[in-house]
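In what follows, a single structure is set out as structure tokens and then discussed.
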Amino acid sequence: MLIGEVARRSGVSARMLRHYESLGLVRPSVRTGSGYREYSAEDIRRIFHVESLRSLGLSLREVARALDDPGFRPAALVDDLVQQTRARIAEETALLTRLRRIGAADPDDWEDVLQTVALLHALGSESAGRRQRAALSSAGQDPVPVEALVEAVLHETDPNAAGALRWALARAGGQAPALLADGLASPVAEVRERAVLALAEIPGDEATGLLRSALGEAGAGPGGGSEDGYGGGSGGGPGDGYGPGDSAGAGAAAGSVVARHAALALGARGVAAAVPVLIDMVVRGTNDVDAADALSTLAGDPDLAEEIAAGFAGRLARDPLTAPERHAVAQALAGIEGAVSSRALAELARDEDRAVALTASYVLRLRGSR
């Protein structure tokens, strides 16, 4: 079969067939009396072998080795091709992500595009200082690539750069809360923690709603409290505000770093749903000073102050708290006014532990003097 016909039937151009011949990859076995190249059936089969191997990403030199070296073993070469392909896919995926982020910023002109590209490069720098400076400079950028900032804040490990990124996101607003919601759903605990810390600095109802959802990350405890953390128990007295189910559920949630961050942020926003987790934080001694401050802020509402004090009283009545835990409760009750708080402090003033009793007595004396 002459070269033109081979080209038509195989789909390999005559020029490429001549190139194969010059490399010694596929040589026509026969020459006609007129000197034309004539390919045998075996030659054509070899052409298809060459094309098949090239489709896997092999170079022509690797193809020649695969076809002509009797000792060739394909396994190692296939492994290399797998690694090369993965690297190529990673590069293309990174490019696609970069293009998507540029598009999400909705640039008006090429100057905006170049500005966004520069920011993306800086946010991906190995230098934490450069990442921090990029985050700070993004606040004056228009348009702001919010998606890129969210991606950066969810993966930033340097505390200074992370703080700058959270500040930039809070200023950017817009779709930041919706994008951070994906971070809250991450299977990686560190990513969820970074998401909730970023949401804590973003004002508005959308961020608050996401923070409320983060309260229940650890799931309900054995008692199965209600969604907002109140009133799910069946054994609490009518005056204590929280049943046993609330204590168990709050205990499980407070065991989560994400839930603790969410509770502190919600407490600062005056959201009562954070109360059970904040109470448990005080009792457990996890960020207890910050939790007590948040509860004191919430207790500015007299009705809520009574419910907070009832929550502490319920824990004292139900749970075998240690002396340090009872002492933490006494200190927290100092910032909670009302009759329920004073009754709980009166009980603690008779505590067997001297430090607990002295603290509670001191708080009661201060209240009496007022």
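Descriptive notes on the structure:
- Computed label-point distance, nm, for sites Ala75 and His19 using a 7 Å Cα→Cβ extension: 3.4
- Amide proton proximity set for Leu2, modelled H, under 5 Å, gap of 5+: Tyr39
- Extended-chain gain in nm, criterion 0.36 nm per residue less alpha-carbon gap, Thr322 and Glu190: 44.4 nm
- For Ser34 and Leu67, a Förster radius of 30 Å and the Cβ-Cβ distance give a FRET efficiency of 0.55, rounded to the nearest 0.05.
- Whole-number D in µm² s⁻¹ for region 277-339, Kirkwood Cα-pair radius fed into Stokes-Einstein, 10 °C, 1.306 mPa s: 141
- Simple spin-label estimate for Asp205 and Ala339 gives 3.6 nm between the two label positions (7 Å along the Cα-to-Cβ direction from each Cα).
- Sparse-neighbourhood loop sites, GluC sites (Glu not before Pro) in region 288-370 - DSSP loop, at most 11 other Cβ within 10 angstrom: Glu352
- Phi-based couplings in Hz for region 330-346 (Karplus 6.51, -1.76, 1.60; Gly and Pro marked x): 4, 5, 5, 5, 4, x, 10, 7, x, 5, 5, 4, 5, 5, 5, 5, 4
- Legend: calculated FRET efficiency, Arg367 to Ser127, from the Cβ-Cβ distance at R0 = 41 Å, rounded to 0.05, equals 0.15.
Every read-out reported here was derived from the displayed coordinates using simple, explicitly stated rules and does not represent laboratory data. Remember, predicted model here, so these are calculated numbers, not experimental data. Counting neighbours? That spans all protein chains shown, and the Cβs are built from the backbone with ideal geometry, glycine included.
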